[in-house]
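These notes concern the structure reproduced below.
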Amino acid sequence: MRLFLIASLAIFVGNISYADKPNIVFLMCDDLGYGDINCLAPETCKIDTPGADQLAKEGMIFTDAHSGSSVCTPTRYGLMTGRYSWRTRLQKGVVTGFAPSLIDKDRPTVASFLKSHGYHTAVIGKWHLDFQYLNPQTGVAYKAKDHKTPPVGAKIPDGPIHRGFDYYHGFHHARNMKAVIENDVVIEHDDEVNMLPRLTQKSVQYIRSRSKDSQPFFLYLPLGSPHTPIVPSADWQGKSSLGNYGDFVMQTDNVVVELNKALRDTGLDQNTLFIFTSDNGCSRAAGIDQLAKQGHIVSAHLRGSKADLWDGGHRVPFIVRWPRKVAPASTSEQLICLTDLFATTADLIGSEIPSDSCEDSVSFLPALSGQPITSTRRGVIHHSFSGHFAYRTGKWKLLLAKASGGWSSPKENQASADAPKAQLYDMDADIGETTSQFQAQSQIADDLLEQLTSDVERGRSTEGTESKNDVSDILLWKSEVASKRKNKKPKKK
């Protein structure tokens, strides 16, 4: 009898804790620009986005939210770990798969943390953080040079289900999108045009399946769209007036519509925190110049696009809905970063963050109720495709680059020889980053550089236990190093 009472009490307490914990849906688009969402830029967005717009009407828009980097992999690493990716071996660019996971097996992730607190965890979509493909017969790792597409049956020893997720369905990255993976196995090869419908269907199925269980869930949905290949399904082609890219954005937005329907049909919407965002700005592969000629500005009022240090590269759409917790049609102008998800989830469930984690993560939970964010972090660090650094605190933004630091013109190698080595902008007065004050406000630039240097060298940008970077040779001034290498005279033989 005593054992029965104890077991009954455990179930009762468990149910109370479950009821107090909201479900979390985190939908992250791929290469979706700030100006691609109609409600964020109504004057310059020529694409209908009813899903995101409705989410904003029912929730909160963050107008100063940033990805951890202006390209894919680094942002995803920061999102999962609460730590900037440049603290690892990845100092620039992205990973390409067929390699050991970028996330160390002992490092906590948002998924492993939530799983340890009773959540069921799932990722449906693009991983892009490296993992290996093993021959199922020999256990030997396949090599990329031998396999353009990972073979069906290949086993994955260090993928999402080994980093805290209970369930995974998706693909590694765009160039390997044909290889469909479930949990730790490549299950089939499929055309890229089928991936977005597949992810939509699987995510809806997942939500409906969770309605039969009182256990809270965390659904991480990193879409592969509207990133290349830009392949809208036949039933979405011609929906916009902007060609394939506009059609693909509309199809991407429809995922929000379908998820909302599933949440409402199952009654899960009232206890679900729904976050909609992007991993970085719009890619030039979308045909930015042609879209602009048609009146659609992918970065809205921001300068630059994917890969750049300018805000068009990393200021992203960020919309949050949480019924009864977040005021409908509200706005927050507070500065946040996608690395902040981890600390926010800990705050959300009233738990301490795991030790040796969240070095660059700050909870934005107070902002959801209109309160100021309490932060031990002085500023947010931005990072470009080529590894250039920028630092933002308050209204000031320092860029350790002569130009875009990415793919927009002028690129670093296109900057004039006498251009200042850095840029400084007052983002309140000059959000378009048109007039640098690096020379006029040298003391401010020096102060920001000192803080950036400290945040890099300390192994963390927040207060906490001592931490270390995985590498010791993190270069702050990439353009100076590149210039020295360019001007270095070859040795005489």
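Only one residue in K397, K478 is within 24 Å of the chain's Cα centre (by Cα), modelled with pLDDT under 95 and either of a type outside the set (V, I, T) or open to solvent by less than 10 Å² (accessible area, probe 1.4 Å) (or both), so which one is that?
Going through K397, K478 in turn, the sole match is K478.
Would you check if G387 is part of a loop (DSSP other than H, G, I, E, B), over 30 Å from L268 (Cβ atoms) and touching a residue at least 12 places away in the same chain (Cβ under 8 Å)? It is true that G387 is part of a loop (DSSP other than H, G, I, E, B), over 30 Å from L268 (Cβ atoms) and touching a residue at least 12 places away in the same chain (Cβ under 8 Å). Looking at segment 232-350, the helices (runs of 4 or more DSSP H) lying wholly inside it that each contain 2 or more residues that are more than 19 Å from S67 (Cβ to Cβ), open to solvent by 30 Å² or more (accessible area, probe 1.4 Å) and basic (K, R) sit at 243-266.
Yes or no: V94 of a type in the set (V, I, T) and open to solvent by 20 Å² or more (accessible area, probe 1.4 Å)? Yes, satisfied.
Looking only at segment 187-198, decide whether some residue is of a type outside the set (D, E), in contact with a His (Cβ under 7 Å, 6 or more places away or on another chain) and in the same structural domain as T339 (by the TED database). Reasoning before the result, please.
Narrowing segment 187-198 to residues of a type outside the set (D, E): 187, 189, 193-198.
Pick out the ones that are also in contact with a His (Cβ under 7 Å, 6 or more places away or on another chain) and you get none.
Looking for residues that are of a type outside the set (D, E), in contact with a His (Cβ under 7 Å, 6 or more places away or on another chain) and in the same structural domain as T339 (by the TED database), one finds none in segment 187-198, hence no.
If the condition is being without any contact (Cβ under 8 Å) to a residue 12 or more places away in the chain and open to solvent by less than 50 Å² (accessible area, probe 1.4 Å), then segment 365-383 contributes only P366.
A single member of D418, D430, D426 is closer than 29 Å to E359 by Cα and of a type in the set (D, E, K, R), and it is D426. Among the residues of segment 447-454, at least one is under 23 Å from K92 (Cα atoms), at pLDDT 95 or above and of a type in the set (V, I, T).
Can we say T149 is of a type in the set (S, T, Y), touching a residue at least 12 places away in the same chain (Cβ under 8 Å), assigned to a loop (DSSP other than H, G, I, E, B) and assigned by the TED database to the domain that holds M250? Please lay out each step first, then the result.
Working: of a type in the set (S, T, Y): yes; touching a residue at least 12 places away in the same chain (Cβ under 8 Å): yes; assigned to a loop (DSSP other than H, G, I, E, B): yes; assigned by the TED database to the domain that holds M250: yes.
Spelling it out, T149 is indeed of a type in the set (S, T, Y), touching a residue at least 12 places away in the same chain (Cβ under 8 Å), assigned to a loop (DSSP other than H, G, I, E, B) and assigned by the TED database to the domain that holds M250.
Any idea which residue in segment 354-364 is surrounded by the fewest Cβ atoms within 10 Å (Cβ to Cβ), counting only those that are over 20 Å from A329 (Cβ atoms) and not hydroxyl-bearing (S, T, Y)? By that ranking, first place goes to D356. Say we look at segment 19-54 and pick out the residues that are more than 19 Å from L273 (Cα to Cα) and β-branched (V, I, T); which of these is most open to solvent (accessible area, probe 1.4 Å)? Ranking the candidates gives T44 first. Scanning segment 75-112 for residues being outside any loop (DSSP other than H, G, I, E, B) and of a type outside the set (S, T, Y) gives a total of 8.
The values are calculated or read from the model by the stated rules, or taken from the named source; none is laboratory data. In this text the structure is predicted, and so the values were computed from the model without any measurement. No Cβ is skipped: glycine too gets one built from the backbone with ideal geometry, and neighbour counts run over all protein chains shown. Each accessible area value is taken on the protein alone, full model and side chains, heavy atoms only, with ligands, DNA and RNA left out. Shrake-Rupley method; radii C 1.70, N 1.55, O 1.52, S 1.80 Å.
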